[in-house]
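Below you'll find the structure, written out as structure tokens, and then a few comments.
The values are calculated or read from the model by the stated rules, or taken from the named source; none is laboratory data. All values reported here derive from a predicted model rather than from experimental measurement. Cβ coordinates were reconstructed from backbone atoms using ideal geometry, including for glycine residues, and neighbour counts include every protein chain displayed. We work out accessible area using only protein heavy atoms, side chains counted, and drop any ligands, DNA or RNA first. Shrake-Rupley method; radii C 1.70, N 1.55, O 1.52, S 1.80 Å.
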Amino acid sequence: MDELAQNIIIPLKGLTKGGHTFDYAIDGKFFQIFGNTQIKDAGCSVKADVVRHSTLMSVVCRIGGYVVVECDRCLDDLVLKVDVERELTVGFGSVDIDDSVDEEDVLVINETDGEVDISQFVYDYICLSLPIMKVHPEGKCNPDMLARLSDGAGEQSEDVQSPFSGLKDLLNE
């Protein structure tokens, strides 16, 4: 994880109170480090707008770009647009984050830490933004693969019996 930590880290030492912006770029290697085999390649930019307070830090992550995945229908490469904006609240030390805080993502770190690694959060934000069904728009799938799929779609040999064929007889009795 050391490779990754060099990419998406917010330095805390010397970070004054107020607003700061950090920019990062990630590619397919980012997802390989996490062991994600579904995302073949990527080209995303991450902009982290940080507002530091005395006991808390607000990090608004804006992620834009694309990821390349396999189409669930034709198995060809499919480029999906990524456009995510999420907020992460970072607390220092033993700060209590009460239930009234509306943020979904909260991280509490030691006051002596010199940096905060937001790589896992960025990875999660991108993966959660992807649709469940990853398919090309209608008519854009590989026609050869669709032809092969449709050839065997309606055919079922009468020699091969379904394990459920015996259940039909029970309904008729």
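Under the 0.36 nm per residue contour assumption, what length would be gained going from the current alpha-carbon distance of S150 and L80 to full extension?
22.6 nm
What are the lysines whose alpha-carbon lies under 20 Å from the alpha-carbon of K13, with same-chain residues fewer than 8 places away excluded?
Answer for K13, where 20 Å is the Cα cut-off: K47, listed by chain and number.
Could you calculate the contour length gain from E111 to T37, that is, 0.36 nm times the residue separation minus the distance between their Cα atoms, to one decimal place in nm?
23.1 nm
Going by accessible area, probe 1.4 Å, with all protein chains left in place, what is the ranking of E111, E70, E104, largest first?
E104, E111, E70
In terms of solvent-accessible area of protein heavy atoms at a 1.4 angstrom probe, what is the ranking of F31, F22, highest value first?
Result of the area sort, largest leading: F22, F31.
Taking R0 as 25 Å, what's the FRET efficiency between K29 and S58 from their Cβ-Cβ distance, rounded to 0.05?
After rounding to 0.05, the efficiency reads 0.30.
From the protein chains alone at 1.4 Å, what is the descending order of accessible area for R52, R73, R148, largest first?
Putting R52, R73, R148 in descending order of accessible area: R148, R73, R52.
Keeping all protein chains in the complex and leaving out DNA, RNA and ligands, what accessible area do you get for S129 with a 1.4 Å probe, in Å² to the nearest 10?
Counting only protein heavy atoms, S129 exposes about 50 Å² to solvent.
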